[in-house]
1. Within segment 143-157, restricting attention to residues that are in contact (Cβ under 8 Å) with a residue 24 or more places away in the chain, open to solvent by 10 Å² or more (accessible area, probe 1.4 Å) and at negative phi, which residue is nearest to the chain's Cα centre (by Cα)?
2. For segment 157-166, state whether one or more residues are at pLDDT below 90 and among the aliphatic types (A, V, I, L, M).
3. Under 9 Å between Cβ atoms, which residue pairs at least 6 apart in sequence (or on different chains) link something in segment 161-175 that is within 13 Å of ALA49 (Cα to Cα) and open to solvent by less than 20 Å² (accessible area, probe 1.4 Å) with a partner that is modelled with pLDDT of 95 or more and aromatic (Phe, Trp, Tyr)?
4. If you go through segment 178-196 one residue at a time, how many are surrounded by 10 or more Cβ atoms within 10 Å (Cβ to Cβ) and either modelled with pLDDT of 90 or more or over 14 Å from GLU153 (Cβ atoms) (or both)?
Amino acid sequence: MLPLLPLLGGCAGVEGLRNDGRARDVRAPLALWPEYTPAPLAREDNPAAVKPVRGVPRIPSGSMADADALAVLDADLTAEGRRPPAPKTVRGPRFYDVTHDGRPDLITVIDRDPRNSELRVYSARNGVVTRILALPAVLAGVELAAGHLTIREPTKDPRYVSVTDVVWDGDSMALWDLTLDESRRPPTAHTGGGSP
């Protein structure tokens, strides 16, 4: 007959169960200034404010691929009272249909310094070049997935990134979701032999 001692051990320690004292009281959060609420974003502060860009030609085709991306950025920033970006600080333009009208929109990034960037998205609305997103961010990545534009930003914990999903709602780029995700390391190039 097999000894029963290991089966009777269970999860209790050698000393058995013990009382660690009274559990902490659980209370609802205490709002320190409940009477104060922030004012809504001003139009100029809203990253998703839809704004026509003056000083660039109309685009009858409705395709932002027919526009000069640097000229669009220059005109938009000049209208804001800012200096146009140096061409070397502007990432290569990407053209994808984020407004779901069947025509490509312009997605571009200005790298203001080694850490801070600015994501800008433009669409041709009835032939008029229109900014639909201007988001300053620390970009760990920008992705397109299932019709959403996904912005990944680092957090204080290097294991995680903050993920903001925005989607065109028919009138503007609207927040779809905010989540945390595991940080991804970029693939590293391998040296040596092997098949491609």
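1. For segment 143-157, the residue satisfying everything is ARG152.
2. Checked against the condition, which is being at pLDDT below 90 and among the aliphatic types (A, V, I, L, M), segment 157-166 yields no hits at all.
3. Matching pairs, first to second residue: none at all.
4. Counting residues in segment 178-196 that are surrounded by 10 or more Cβ atoms within 10 Å (Cβ to Cβ) and either modelled with pLDDT of 90 or more or over 14 Å from GLU153 (Cβ atoms) (or both) gives 0.
The values are calculated or read from the model by the stated rules, or taken from the named source; none is laboratory data. Nothing here was measured: the structure is a model prediction, and the numbers come from that model. All Cβ positions, glycine included, derive from the backbone under ideal geometry; neighbour counts span all protein chains shown. With ligands, DNA and RNA removed, areas are computed over all heavy atoms of the protein, side chains included. Shrake-Rupley method; radii C 1.70, N 1.55, O 1.52, S 1.80 Å.
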